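As structure tokens, the structure follows; a few thoughts come after it.
The values are calculated or read from the model by the stated rules, or taken from the named source; none is laboratory data. These figures come from a predicted structure and were not determined experimentally. Note that we place each Cβ from the backbone using ideal geometry, even for glycine, and neighbour counts take in every protein chain shown.
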Amino acid sequence: MIKYLFAGMMILSANILYAQKITISGYVKDADSKEALIGASVVNANTKSGTSTNQYGFFSLTANAADTIELIISYQGYKINAKKIAAKNNIQLNVLLENNAGSLGEVVVSSARNNRNVQKAQMGVIDVPLKAIKSFPVLMGERDVLKIIQLLPGVQAGQEGTAGFYVRGGNLDQNLVQLDGATVYNPNHLFGLFSTFNVNSINHVQLIKGGFPAEYGGRLSSILNITMKEGNKTKYQTEGGIGLLSTNLTFQGPIQKNKSSFIVSARKSHINLLLQPATSKSTSYSFYDINAKMNYELGKKDHIFLSFFKGNDNAGYTGANSLNYATDFGNTTGTFRWNHLFGSKIFSNTSFIYNDYHLGLGSTQNNYYEVLYTGIKDINAKTDFTFTPGEKHRIKAGFTYTYHTLYPSSVSSKVPRRGNQITINKDSIAKRFSNELAFYLSDDYDISKAISVNYGIRIPYFTGGGASYSGIEPRITSKLSLNPTTSIKASWTLMNQFLHAVPNSTASLPTDTWLSSSSLIKPQKSSQVALGLFKNFNDNAIETSVEAYYKTMDNQVLFKEGAQVVLNTNLDSILTFGKGNSYGVELLIKKNVGRLTGWLSYTWSKTTQQFAELNRGASFPAAFDRRHNFSLAGSYELSKHWTFSADFVFYTGRAFTLPTGRITVPVNASLYDGVYYDYSSRNNARLKSYHRLDVSFSNKKTVKLWGKKYEREWVFGAYNLYSRLNPYFVYLTTNADTKQPEARQVSLLPIIPSVSFNFKF
């Protein structure tokens, strides 16, 4: 009732204040599938004012009632649509854009190309082209969202070949990864070698790394928003692919033509077929993921969506060298959404979300073993309103509530001579319950044609672990246009984070333990300021930007040095807390249209951490601190059927810790087998610089099979083309000749050719 009363008051005030205006609202969709186009540009050609569609393809634009209005609607990869409207009253319309996929380059109306990267008061936001995700070469031919994210400025890759990413000095847990609004706590398959997201089910991908809108919170470093497709509303379609690691299949179509649709997408590994002949069944690995979504238009004002996602990995290894492990991890999410229009100026979205993440790991090496279980269950409800009272304001307000249940438990010890090893029963783990609530309000305000600002506030409140925390998080991003193609932007953001993933291993296994804030664990906090210059060239065909940022991070969490975890250990008691800071400069040059598309990215940055109980209280480089990070990625249409893609990356080696000496101690030396290492400082060495070139050729044709047309695509690629021996990690050993200790580098991935076959009909 309160929701409808609030909406009615805003409609009434809008009618009084803007009676002399009309509002044009509606949806921008793909002409073929009726799929929503997110971020499409809608411009009033007479006044040069405009807006963009939200994540459901909806827009609302105010104009003078007496005018004949010419609308220019554009979206990357689609033909531009120009509409002339003569109306004296509010009007709602659907705009259909035709895809340019069948032609080389792009049909261009240069004056209407999207320039919101320059003119909008937002920074640190990158919309990742699906074309790049589908065409750029990746490991083993597996199309991967997160691997493309690693090629963007301000983003650092994790270990060799993995899909983990670190944004502006933050840790992995400081990235909020969302699929249709549901949090995905571990978005990886195959120990992080690629992500758990099936590209065929994705509609839109957006990375936010600074200048965070008030609607987002709970993480310090980035928001990765992934939106699933709704399904084709006009016809049934089947597409899929077969690669070296997995097979995928997607089926979509209308439930009721032009009104409702569904999509189901699944992927299953067949990596065991490659592993078992070489490992004599000592190694096993399997994974799968399933995406499903349906939507139904109840009428012009109501639209409901139901999304489901499940991904899971199982792995095991039994080795002759006494190393054994078994692990099982995965995510399950479910989302119900209801969109409602209050008149033509207010768009509301209400969501109910369920999320379940778990990781179970057991490993044995020599005389020691470790057992770990960590899990999170979330029940989340949120609602927000977008109110567009006129040309100059776009107001958003809402709230979100999440009930967290965490299952943290870990044991590491010597293998007992008698008796059994300790095991962990999920049902016996002491659960941690917490509540997270937040209210937010923001306004996107065009003060003049040259000056605009997006300002807002978020108020979070957290209870759990015998403590409660609240705060005020102001957000502001301002823009000053120097001319139609050039602007200067600045932003400042405060953020809080109440859930923490504490790394207890340097391995690439996903062994981080999730803990919630408590009386001992305070929320992480960050403050980030940024300044940028944005410039477009060649009628907005080429985007460029230079952004400088400075970020401080408080209440960072790590395990204490030498901490050993035994059953019933209070994990809070073996943690240590500190601070970090990061600063850098990022350059992006991006070409969006034509036969050649892609981008150049360069980042210079420095990230340090300081803990009173680590490194004698002195600051030290963060594990993934890298001074230089360069990437060049592009795709060139050689002909109607052939496309060549390549990417090259170079970055400074990551920091790690080397001992400066060692001490031999008599027997009964606990966990360290009689050898103790002397460490002078933390992260006192660096791996060698990393660089790699990947290439791929794709051949796409429409052919006939049994009298019916279908699209088929062959993709031939090579990861690490010149087989650079990049460092994966360094281990200590003793030289057989000199009897002196030495560090040796392990390289994981040489040149890896790939071939995959994709089809669509």
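Side notes on the structure shown:
- Residues in the stretch 699-732 that are within 26 Å of the chain's Cα centre (by Cα) and closer than 18 Å to GLU142 by Cβ were compared, and the one that is surrounded by the fewest Cβ atoms within 10 Å (Cβ to Cβ) is ALA718.
- In the stretch 27-81, residue surrounded by the most Cβ atoms within 10 Å (Cβ to Cβ) [restricted to those that are part of a strand (DSSP E or B) and acidic (Asp, Glu)]: ASP30
- For ALA266: the one exception among (1) more than 27 Å from ARG168 (Cβ to Cβ); (2) of a type in the set (Gly, Ala, Ser); (3) buried (at least 22 other Cβ atoms within 10 Å of the Cβ): (3)
- For LYS310, the criteria (1) part of a strand (DSSP E or B); (2) more than 30 Å from SER348 (Cβ to Cβ); (3) at pLDDT 90 or above hold in every case but one, which is (2).
- Checking each residue in the stretch 47-99 for being under 25 Å from ASN225 (Cα atoms) and of a type in the set (Gly, Ala, Ser) picks out GLY50, SER52, GLY57, SER60, SER74, GLY77.
- Pairs with Cβ under 6 Å, 6+ apart, first in the stretch 256-271 and among the acidic types (Asp, Glu), second surrounded by 15 or more Cβ atoms within 10 Å (Cβ to Cβ) and not in a loop (DSSP other than H, G, I, E, B): none
- Check on LEU244, at pLDDT below 90 and part of a helix (DSSP H, G or I): no
- Residue match in the stretch 286-305 (condition: assigned to a strand (DSSP E or B), of a type in the set (A, V, I, L, M), closer than 19 Å to ARG143 by Cα and in contact with a helix residue (DSSP H, G or I) (Cβ under 6 Å, 6 or more places away or on another chain)): no
- Remark: pairs (first residue in the stretch 82-94, in the same structural domain as LYS345 (by TED's automatic domain parsing) and aliphatic (A, V, I, L, M); second residue assigned to a strand (DSSP E or B) and exposed (fewer than 10 other Cβ atoms within 10 Å of the Cβ); Cβ separation under 8 Å; 6+ apart in sequence or on different chains) are absent.
- Only one of GLY456, GLY471, GLY532 that is buried (at least 18 other Cβ atoms within 10 Å of the Cβ) and either closer than 17 Å to ALA214 by Cβ or outside the structural domain of PHE194 (by TED's automatic domain parsing) (or both): GLY456
- Residues of the stretch 690-743 satisfying the condition of being more than 24 Å from GLY243 (Cβ to Cβ), touching a residue at least 40 places away in the same chain (Cβ under 8 Å) and aliphatic (A, V, I, L, M): VAL730, LEU732, ALA743
- Among the residues making up the stretch 449-485, a single one is closer than 20 Å to LYS396 by Cα, outside any strand (DSSP E or B) and of a type outside the set (A, V, I, L, M): GLY471.
- Complete set of residues in the stretch 648-686 that are at pLDDT below 70 and within 30 Å of LEU151 (Cα to Cα): none
- In the stretch 111-163, residue modelled with the lowest pLDDT [restricted to those that are within 22 Å of PHE534 (Cβ to Cβ) and among the polar types (S, T, N, Q)]: SER111
- Qualifying residue in the stretch 321-335 (condition: without any contact (Cβ under 8 Å) to a residue 24 or more places away in the chain and either crowded, with 17+ Cβ neighbours inside 10 Å or more than 21 Å from the chain's Cα centre (by Cα) (or both)): yes
- Of all residues in the stretch 744-759, those satisfying the criterion of being polar (S, T, N, Q), in contact with a Leu (Cβ under 9 Å, 6 or more places away or on another chain) and buried (at least 16 other Cβ atoms within 10 Å of the Cβ) are SER754, SER756.
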